[in-house]
1. Quick check on the chain: helices-only [θ] at 222 nm, where DSSP H runs of length 4 and up contribute -39,500 (n - 2.57) each and the sum goes over total residues. Nearest 500, please.
2. Taking K136 as the anchor, which lysines have their alpha carbon closer than 19 Å to its alpha carbon, excluding any fewer than eight residues away along the same chain?
3. Only residues of the range 21-37 count here: report those whose backbone N is under 15 Å from the spot 7 Å along Cα→Cβ of R184, or say none.
4. Using a basic spin-label model with each label point 7 Å from the Cα along Cα→Cβ, how many nm lie between D174 and R206?
5. Direction-averaged shadow area of the convex hull around the Cα atoms of the range 107-234, nm²?
6. In a shell of Cβ-Cβ distance under 13 Å around Y164, excluding Y164 itself, what net charge do Lys and Arg (+1) and Asp and Glu (-1) give?
7. Report, in degrees rounded to the nearest 10, the 0 to 90 angle that the Cα long axis of helix 130-144 makes with the longest principal axis of the chain.
8. How much of the accessible area of the chain, probe 1.4 Å, is carbon plus sulfur, in whole percent?
Amino acid sequence: MNSLVLLPWISACQAQRTRPPESPELRAQRQRVGDVALRLVVDAVPGAEMDGVEFFADEQVWPVYHSAGLSSRNRSKYDFPGRVPLKIRVVWRKDFRLKSQLSRGNSSRYDEYGRDMLSSAMYVTAVDSEAQEIAKRQAVSKNTGVPHYGPWGSDYRGELAGDYTVDVAARIPDAVLQDLRRQRGNLRLKFRLKPDGVLFGWDIERGGGGVSLFSHAGGDFRETGIAYELPGYSTPDSPQAQAALHSGEYYLPPKSKMIWRKGWEVKPDGSRVTTDY
């Protein structure tokens, strides 16, 4: 005799992903910043490689950014989802291959030991609430004895190699926001990871002549880049280019016909040094 399997259906109310109320501090900073277009730029210092990198913004359960591997060679650039965060928690792992026991979005498919209860032919995808997803992950970790390090919304569960929380909204100067209100542009939130911490910087990106032009750079660092803002950037022998090169703020890379702007980084003692990355 064939048995009838009843598949669970979750109502729209149950499926809603709820958020706790915004803190007064977050609300005040978001009112100060307003609605601006945000871009996220992420890389690492030369020689450093981070596995299982994830960014968690404020009260959000799931990461707003993730990368299995990050280095100075694979800079990431994304449109940032949502409004400017008050803080971002940055974590990375000792081993990115240790994935979470349950994939996001179908935790109801598994029992509290992480065993698949339904075959793919019998399973109808249901959207669980964030609370249900986290509760199931916690139960599986406890029942199987497999530890889960870091935020429960993480796609990885391996031991943490880095865990830093960075202030974001409060550090953006009013002058930058005023300039964005006068003329549209993208506010870039830039993060550079290093073995002992996270550098945070910002600037404004605008288009000009088919290239991106950057202004109002601030924070802990600025990356190098082709000096499109410099008259004569593509003619190193011109008087304008030669004057810029003698200033020490620009350089001509080997075999390049374009002048580059030097980068800089603020050290822990507050001093600022130039960089070539």
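1. Counting only the DSSP helices, I get -5000 deg cm²/dmol.
2. Correct list for K136: K99.
3. Under cut-off, by backbone N: 35-37.
4. 2.1
5. 13.5
6. That works out to -1.
7. 70
8. Percent of accessible area from carbon and sulfur atoms in the chain: 52.
The values are calculated or read from the model by the stated rules, or taken from the named source; none is laboratory data. The structure displayed is predicted, hence computed values, not measured ones. So basically every Cβ, Gly included, is an ideal-geometry build from the backbone, and we count neighbours across all protein chains shown. Note: accessible area is taken over every heavy atom of the protein model, side chains too, but ligands, DNA and RNA are not part of it. Shrake-Rupley method; radii C 1.70, N 1.55, O 1.52, S 1.80 Å.
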